[in-house]
Amino acid sequence: MRNPIDIAVFEFRAAGPASPKRDFRDKDRQATTSEQDGSRPIWLVPLSAYDTVAGRTDKIWVQMVGDKPELIPNEVVTVQGLRHMPWARAVRQSDGDFKGEVVDAYRADSVTVAAAARRSAA
């Protein structure tokens with residue numbers, strides 16, 4: 001399920017540098033897409049998302065495909081095509097039973113420093 005997010009009420013800041021997403025089967029390799037025109041690297045981008053309506057901040061990790069985003073920590077960033085893509089996993093409890101847990105996952109088409117985005121549009 002892909003749920004688009006209305007980002008009009010959010011202000012995003014880079015919470016650190018982008019890092020390579022590790023491949024599920026081979027943790028020493030960076031994960032890539034399997035597109036027909038060739039694979040592209042997947043990056044994990046830490047963002048601080050400030051909800052201007054609720055007045056609270058959450059840290060989220062956003063997956064992005066393509067070139068590594070060059071981000072400056074604590075700078076305002078522009079996020080395009082942000083989607084919430086939750087998934088479920090089983091977690092073993094101390095008594096040996098498994099319990100389901102929903103994991104929040106986010107993907108975006110692009111994450112750029114807001115000042116750079118304004119310069120390129122001019």
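The figures follow:
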read-out	value
Hits in the stretch 82-100 - residues which are of a type outside the set (Asp, Glu), free of Cβ contacts under 8 Å to residues at least 40 places away in the same chain and in a loop (DSSP other than H, G, I, E, B)	Gln93, Ser94, Gly96
Residue tally, condition basic (Lys, Arg) and either surrounded by 15 or more Cβ atoms within 10 Å (Cβ to Cβ) or at pLDDT 95 or above (or both), over the stretch 14-34	1
Positions within the stretch 61-105 being closer than 18 Å to Pro20 by Cβ and among the aliphatic types (A, V, I, L, M), in sequence order	Val62, Met64, Val65, Leu71, Ala105
Boolean, Val111 is within 10 Å of the chain's Cα centre (by Cα), part of a strand (DSSP E or B) and in contact (Cβ under 8 Å) with a residue 60 or more places away in the chain	yes
From the options Ala90, Ala49, residue that is exposed (fewer than 13 other Cβ atoms within 10 Å of the Cβ) and in contact with an Asp or Glu (Cβ under 8 Å, 6 or more places away or on another chain)	Ala90
Counted residues, the stretch 14-31 - those being assigned to a strand (DSSP E or B) and under 12 Å from the mean Cα position of the chain (by Cα)	3
Leading residue by the ranking (nearest to Glu70 (Cα to Cα)) among those in the stretch 1-13 that are assigned to a strand (DSSP E or B) and modelled with pLDDT under 90	Pro4
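Results for (1) of a type in the set (Gly, Ala, Ser); (2) modelled with pLDDT under 95; (3) more than 19 Å from the chain's Cα centre (by Cα), shown as yes or no for each residue.
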site: Gln36; (1), (2), (3): no, yes, yes
site: Val62; (1), (2), (3): no, no, no
site: Pro69; (1), (2), (3): no, yes, no
site: Ile72; (1), (2), (3): no, yes, no
site: Arg89; (1), (2), (3): no, yes, no
site: Gly100; (1), (2), (3): yes, yes, yes
site: Val103; (1), (2), (3): no, yes, no
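The values are calculated or read from the model by the stated rules, or taken from the named source; none is laboratory data. Here the structure is a predicted model, which is why all the values come from computation and not from measurement. Note that each Cβ is placed from the backbone with ideal geometry, even for glycine, and that neighbours are counted across all protein chains shown.
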